[in-house]
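A short write-up of the structure that comes next.
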Amino acid sequence: MSSAEELSPSEPDIEDDDLCPICRQLLHRPVVTECSHTLCELCMAEWADVSVTSQMTIVPLNEQPENFVASNLQAKCPMCRTLTSAQRSVEVEDRVKRRYPDVYKQREEEAVSDGAGQDFSVETLTIYIGNTVEPPENPDDENALFNWNFFVNVSDTSVINEVEILLHETFKIPRLVRRQAPYSVRRLGWGTFIIRANVVLKSGYSWISSDATDTRFAKRVSLPLEWELCFAGEGSQARCRLKIKNERRLLRSG
Ligand SMILES: [Zn+2]
Ligand SMILES: [Zn+2]
(Lines give C-alpha, C1' and ligand atoms only; values in the text may rest on other atoms or scores of the structure.)
(Ligands and ions follow the chains in the order given, each with its own letter.)
Protein backbone atom coordinates (compact mmCIF):
# COMPACT_ATOMS: atom_id res chain seq x y z
CA MET A 1 0.00 0.00 0.00
CA SER A 2 1.40 3.38 -0.93
CA SER A 3 1.83 6.18 1.54
CA ALA A 4 -0.46 8.43 -0.50
CA GLU A 5 -3.37 6.07 0.03
CA GLU A 6 -2.69 5.80 3.74
CA LEU A 7 -3.06 9.56 4.08
CA SER A 8 -6.48 9.27 2.37
CA PRO A 9 -7.48 12.94 2.15
CA SER A 10 -11.21 13.69 2.49
CA GLU A 11 -11.22 15.42 -0.92
CA PRO A 12 -9.37 13.00 -3.16
CA ASP A 13 -7.27 14.50 -5.93
CA ILE A 14 -9.02 13.85 -9.20
CA GLU A 15 -6.92 12.76 -12.13
CA ASP A 16 -6.94 15.01 -15.17
CA ASP A 17 -8.62 12.33 -17.30
CA ASP A 18 -11.55 12.24 -14.90
CA LEU A 19 -12.07 16.01 -14.82
CA CYS A 20 -14.45 17.78 -17.18
CA PRO A 21 -12.38 20.27 -19.23
CA ILE A 22 -15.28 22.76 -19.11
CA CYS A 23 -16.36 22.90 -15.45
CA ARG A 24 -13.11 21.44 -14.02
CA GLN A 25 -15.13 19.13 -11.76
CA LEU A 26 -15.45 15.36 -11.71
CA LEU A 27 -17.15 14.22 -14.92
CA HIS A 28 -20.88 13.95 -14.37
CA ARG A 29 -22.90 11.75 -16.76
CA PRO A 30 -19.94 11.82 -19.14
CA VAL A 31 -20.43 12.04 -22.88
CA VAL A 32 -17.77 11.40 -25.51
CA THR A 33 -17.73 13.44 -28.73
CA GLU A 34 -16.80 12.11 -32.17
CA CYS A 35 -13.62 14.20 -31.85
CA SER A 36 -12.79 12.19 -28.69
CA HIS A 37 -13.42 14.83 -26.06
CA THR A 38 -15.03 13.75 -22.81
CA LEU A 39 -17.18 16.14 -20.82
CA CYS A 40 -20.28 16.30 -18.63
CA GLU A 41 -23.61 15.85 -20.40
CA LEU A 42 -24.83 19.23 -19.15
CA CYS A 43 -21.57 21.00 -20.11
CA MET A 44 -21.92 19.60 -23.65
CA ALA A 45 -25.56 20.69 -23.78
CA GLU A 46 -24.77 24.17 -22.55
CA TRP A 47 -21.52 24.95 -24.35
CA ALA A 48 -21.74 23.18 -27.70
CA ASP A 49 -22.94 25.85 -30.11
CA VAL A 50 -25.55 24.82 -32.65
CA SER A 51 -25.05 26.23 -36.12
CA VAL A 52 -28.35 27.00 -37.81
CA THR A 53 -27.11 26.39 -41.35
CA SER A 54 -25.80 22.92 -40.47
CA GLN A 55 -29.15 22.08 -38.84
CA MET A 56 -31.46 23.17 -41.66
CA THR A 57 -32.86 20.02 -43.24
CA ILE A 58 -35.62 19.87 -45.83
CA VAL A 59 -38.39 17.60 -44.51
CA PRO A 60 -41.92 16.65 -45.65
CA LEU A 61 -44.57 19.33 -45.08
CA ASN A 62 -46.52 17.11 -42.67
CA GLU A 63 -43.61 16.18 -40.36
CA GLN A 64 -44.31 16.48 -36.63
CA PRO A 65 -41.58 17.46 -34.13
CA GLU A 66 -39.96 14.66 -32.12
CA ASN A 67 -38.24 14.93 -28.77
CA PHE A 68 -34.44 14.78 -28.76
CA VAL A 69 -31.64 15.09 -26.21
CA ALA A 70 -29.70 18.36 -26.17
CA SER A 71 -26.27 16.78 -25.70
CA ASN A 72 -26.79 14.47 -28.71
CA LEU A 73 -27.48 17.33 -31.09
CA GLN A 74 -24.84 17.92 -33.70
CA ALA A 75 -23.01 21.03 -32.49
CA LYS A 76 -19.57 22.64 -32.35
CA CYS A 77 -17.38 20.86 -29.78
CA PRO A 78 -16.62 23.37 -27.00
CA MET A 79 -13.03 22.08 -26.89
CA CYS A 80 -11.97 22.04 -30.56
CA ARG A 81 -14.93 23.63 -32.46
CA THR A 82 -15.36 20.57 -34.69
CA LEU A 83 -18.95 19.85 -35.72
CA THR A 84 -19.78 16.79 -33.67
CA SER A 85 -22.35 14.94 -31.63
CA ALA A 86 -21.86 13.19 -28.31
CA GLN A 87 -22.91 9.90 -26.76
CA ARG A 88 -23.21 8.96 -23.10
CA SER A 89 -20.26 6.80 -22.08
CA VAL A 90 -21.15 4.06 -19.60
CA GLU A 91 -17.52 3.02 -19.53
CA VAL A 92 -16.24 6.41 -18.35
CA GLU A 93 -19.17 6.80 -15.97
CA ASP A 94 -18.42 3.45 -14.32
CA ARG A 95 -14.75 4.40 -14.02
CA VAL A 96 -15.31 7.74 -12.29
CA LYS A 97 -18.04 6.26 -10.05
CA ARG A 98 -15.65 3.50 -8.99
CA ARG A 99 -12.69 5.83 -8.42
CA TYR A 100 -14.52 8.64 -6.62
CA PRO A 101 -17.81 7.25 -5.26
CA ASP A 102 -18.35 10.06 -2.74
CA VAL A 103 -17.52 12.92 -5.09
CA TYR A 104 -19.75 11.41 -7.78
CA LYS A 105 -22.63 11.06 -5.34
CA GLN A 106 -22.19 14.71 -4.44
CA ARG A 107 -22.25 15.72 -8.15
CA GLU A 108 -25.42 13.68 -8.61
CA GLU A 109 -27.09 15.36 -5.63
CA GLU A 110 -26.16 18.82 -6.91
CA ALA A 111 -27.68 18.02 -10.27
CA VAL A 112 -31.05 16.93 -8.92
CA SER A 113 -31.53 19.39 -6.06
CA ASP A 114 -33.31 22.34 -7.60
CA GLY A 115 -31.09 25.38 -7.93
CA ALA A 116 -28.07 24.06 -6.03
CA GLY A 117 -25.01 25.05 -8.02
CA GLN A 118 -27.08 25.27 -11.18
CA ASP A 119 -29.18 28.28 -12.05
CA PHE A 120 -30.32 27.33 -15.53
CA SER A 121 -31.51 24.42 -17.59
CA VAL A 122 -30.99 23.49 -21.23
CA GLU A 123 -34.11 22.82 -23.27
CA THR A 124 -34.61 21.72 -26.83
CA LEU A 125 -36.79 23.27 -29.49
CA THR A 126 -37.69 22.35 -33.05
CA ILE A 127 -38.42 25.07 -35.59
CA TYR A 128 -40.01 24.51 -38.97
CA ILE A 129 -39.67 27.25 -41.55
CA GLY A 130 -41.25 27.06 -44.98
CA ASN A 131 -44.18 27.85 -47.20
CA THR A 132 -47.20 26.25 -48.75
CA VAL A 133 -48.42 27.39 -52.15
CA GLU A 134 -51.50 27.14 -54.34
CA PRO A 135 -50.68 27.22 -58.03
CA PRO A 136 -52.34 29.90 -60.17
CA GLU A 137 -55.56 28.99 -61.97
CA ASN A 138 -53.95 29.66 -65.31
CA PRO A 139 -50.30 28.61 -64.98
CA ASP A 140 -49.55 29.46 -68.63
CA ASP A 141 -50.19 33.14 -68.00
CA GLU A 142 -46.80 34.63 -67.18
CA ASN A 143 -48.43 37.21 -64.91
CA ALA A 144 -50.31 34.51 -63.00
CA LEU A 145 -50.23 34.91 -59.24
CA PHE A 146 -49.27 32.23 -56.73
CA ASN A 147 -51.10 32.22 -53.39
CA TRP A 148 -48.37 31.46 -50.85
CA ASN A 149 -48.28 31.16 -47.08
CA PHE A 150 -44.93 31.57 -45.30
CA PHE A 151 -44.71 30.14 -41.78
CA VAL A 152 -42.44 29.59 -38.82
CA ASN A 153 -43.73 26.74 -36.61
CA VAL A 154 -42.20 26.15 -33.19
CA SER A 155 -42.54 22.99 -31.06
CA ASP A 156 -43.06 25.12 -27.93
CA THR A 157 -44.63 28.55 -28.45
CA SER A 158 -44.52 29.38 -24.73
CA VAL A 159 -40.85 30.41 -25.00
CA ILE A 160 -41.40 32.72 -27.98
CA ASN A 161 -41.80 36.45 -27.53
CA GLU A 162 -42.32 37.33 -31.17
CA VAL A 163 -41.38 36.45 -34.73
CA GLU A 164 -40.38 39.29 -37.00
CA ILE A 165 -40.94 38.58 -40.71
CA LEU A 166 -39.10 40.60 -43.36
CA LEU A 167 -40.46 40.39 -46.90
CA HIS A 168 -38.97 41.78 -50.09
CA GLU A 169 -38.64 45.57 -49.84
CA THR A 170 -41.04 46.06 -52.77
CA PHE A 171 -43.98 44.91 -50.60
CA LYS A 172 -46.20 47.67 -49.26
CA ILE A 173 -45.62 46.45 -45.69
CA PRO A 174 -42.25 44.65 -45.79
CA ARG A 175 -41.92 44.13 -42.02
CA LEU A 176 -44.46 42.19 -39.94
CA VAL A 177 -44.30 41.22 -36.29
CA ARG A 178 -46.28 38.20 -35.06
CA ARG A 179 -46.65 38.00 -31.29
CA GLN A 180 -48.86 34.91 -31.34
CA ALA A 181 -48.93 31.70 -33.34
CA PRO A 182 -49.44 31.15 -36.19
CA TYR A 183 -46.28 33.06 -37.11
CA SER A 184 -47.17 33.32 -40.74
CA VAL A 185 -48.00 35.61 -43.64
CA ARG A 186 -50.11 34.93 -46.75
CA ARG A 187 -49.61 36.90 -49.96
CA LEU A 188 -50.21 36.69 -53.68
CA GLY A 189 -47.14 36.95 -55.87
CA TRP A 190 -45.66 35.91 -59.17
CA GLY A 191 -42.04 35.44 -58.10
CA THR A 192 -39.98 33.81 -55.37
CA PHE A 193 -37.56 35.65 -53.07
CA ILE A 194 -35.78 35.17 -49.78
CA ILE A 195 -37.82 35.83 -46.64
CA ARG A 196 -35.99 36.60 -43.42
CA ALA A 197 -37.43 35.84 -39.99
CA ASN A 198 -36.08 36.70 -36.56
CA VAL A 199 -37.31 34.39 -33.82
CA VAL A 200 -37.13 36.29 -30.51
CA LEU A 201 -37.32 34.43 -27.18
CA LYS A 202 -39.03 35.61 -24.01
CA SER A 203 -36.88 37.18 -21.32
CA GLY A 204 -34.95 34.60 -19.32
CA TYR A 205 -34.30 32.43 -22.40
CA SER A 206 -31.40 32.57 -24.86
CA TRP A 207 -30.33 30.56 -27.92
CA ILE A 208 -27.29 28.28 -27.55
CA SER A 209 -26.04 29.26 -30.99
CA SER A 210 -23.39 31.69 -32.18
CA ASP A 211 -25.80 32.60 -34.99
CA ALA A 212 -28.08 34.28 -32.46
CA THR A 213 -27.99 38.05 -32.11
CA ASP A 214 -28.47 40.42 -29.19
CA THR A 215 -31.23 42.93 -28.69
CA ARG A 216 -31.01 46.09 -26.62
CA PHE A 217 -32.30 44.11 -23.66
CA ALA A 218 -30.68 40.71 -23.73
CA LYS A 219 -27.92 38.64 -25.29
CA ARG A 220 -28.51 35.92 -27.90
CA VAL A 221 -32.31 36.18 -27.78
CA SER A 222 -32.94 36.67 -31.49
CA LEU A 223 -32.29 33.96 -34.05
CA PRO A 224 -32.15 35.08 -37.71
CA LEU A 225 -33.43 32.56 -40.24
CA GLU A 226 -33.76 32.69 -44.01
CA TRP A 227 -36.13 30.91 -46.34
CA GLU A 228 -36.34 31.02 -50.12
CA LEU A 229 -39.99 30.76 -51.21
CA CYS A 230 -40.73 27.53 -53.03
CA PHE A 231 -43.44 27.42 -55.70
CA ALA A 232 -42.92 23.74 -56.61
CA GLY A 233 -45.64 21.27 -55.67
CA GLU A 234 -47.47 22.20 -52.47
CA GLY A 235 -44.45 24.07 -51.10
CA SER A 236 -41.65 22.96 -48.82
CA GLN A 237 -40.30 23.28 -45.30
CA ALA A 238 -37.01 22.88 -43.43
CA ARG A 239 -36.46 21.64 -39.89
CA CYS A 240 -34.00 23.11 -37.43
CA ARG A 241 -33.30 21.39 -34.09
CA LEU A 242 -32.04 23.88 -31.55
CA LYS A 243 -31.14 24.38 -27.92
CA ILE A 244 -32.17 27.15 -25.57
CA LYS A 245 -30.94 28.10 -22.14
CA ASN A 246 -33.63 28.73 -19.56
CA GLU A 247 -32.55 31.10 -16.79
CA ARG A 248 -36.06 31.92 -15.59
CA ARG A 249 -35.41 29.99 -12.41
CA LEU A 250 -33.02 32.82 -11.47
CA LEU A 251 -35.65 35.44 -12.21
CA ARG A 252 -38.26 33.66 -10.09
CA SER A 253 -36.04 33.31 -7.05
CA GLY A 254 -35.34 37.04 -7.41
ZN1 LIG B 1 -18.53 19.61 -16.79
ZN1 LIG C 1 -13.60 18.19 -29.83
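The values are calculated or read from the model by the stated rules, or taken from the named source; none is laboratory data. All of these numbers come straight from a predicted model, not from anything done at the bench. Note that each Cβ is placed from the backbone with ideal geometry, even for glycine, and that neighbours are counted across all protein chains shown. Heavy atoms of the whole protein, side chains included, go into the accessibility calculation; ligands, DNA and RNA do not. Shrake-Rupley method; radii C 1.70, N 1.55, O 1.52, S 1.80 Å.
Results, tabulated for the structure shown:
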| quantity | calculated |
| --- | --- |
| At 1.567 mPa s and 4 °C, Stokes diffusion of the stretch 59-99 via Kirkwood alpha-carbon radius, µm² per second | 99 µm²/s |
| The stretch 59-170: relative contact order as a whole-number percent, Cα under 8 Å and 6+ apart | 18 percent |
| For the stretch 24-86, projected area of the alpha-carbon convex hull averaged over all directions, nm² | 4.8 nm² |
| The stretch 139-191: proportion of alpha-carbon pairs further apart than 13 angstrom, % | 64 percent |
| Violating pairs (Cα-Cα greater than 31 angstrom) within the set 172/245; 97/202; 76/97; 97/243; 105/202; 76/172 | 172/245; 97/202; 105/202; 76/172 |
| Dmax and Rg, reported as Rg then Dmax, of the stretch 61-166 (C-alpha, Å) | 23.3, 76 |
| Amide H partners (placed H, <5 Å) of residue 82, local residues excluded | 77 |
| Most to least packed among 84-93, 59-68 [average Cβ atoms within 10 Å] | 84-93, 59-68 |
| Rotationally averaged projected area of the chain (alpha carbon convex hull; nm²) | 17.5 nm² |
| Accessible area expressed per residue, the chain, with surrounding protein chains retained (probe 1.4 Å, Å²) | 58 Å² |
| Principal axes of the stretch 123-253: Cα extent on each, largest first, Å | 62, 26, 24 |
| The chain: relative contact order as a whole-number percent, Cα under 8 Å and 6+ apart | 22 percent |
| Protection proxy ranking, peptides 43-56, 15-28, average beta carbon neighbours within 10 Å, highest first | 43-56, 15-28 |
| Around residue 193: net Lys/Arg minus Asp/Glu count, Cβ-Cβ under 14 Å | -1 |
| Karplus-derived 3J(HN,Hα), 6.51/-1.76/1.60, for each residue of the stretch 176-187, Hz, glycine and proline x | 10, 10, 10, 9, 9, 5, x, 8, 8, 8, 10, 9 |
| Accessible-area composition of the stretch 3-118, carbon plus sulfur, in percent [1.4 Å probe] | 47 percent |
| Diffusion constant of the stretch 3-118 at 37 °C, which comes from Stokes-Einstein with the Kirkwood Cα-pair radius and 0.692 mPa s, µm²/s | 206 µm²/s |
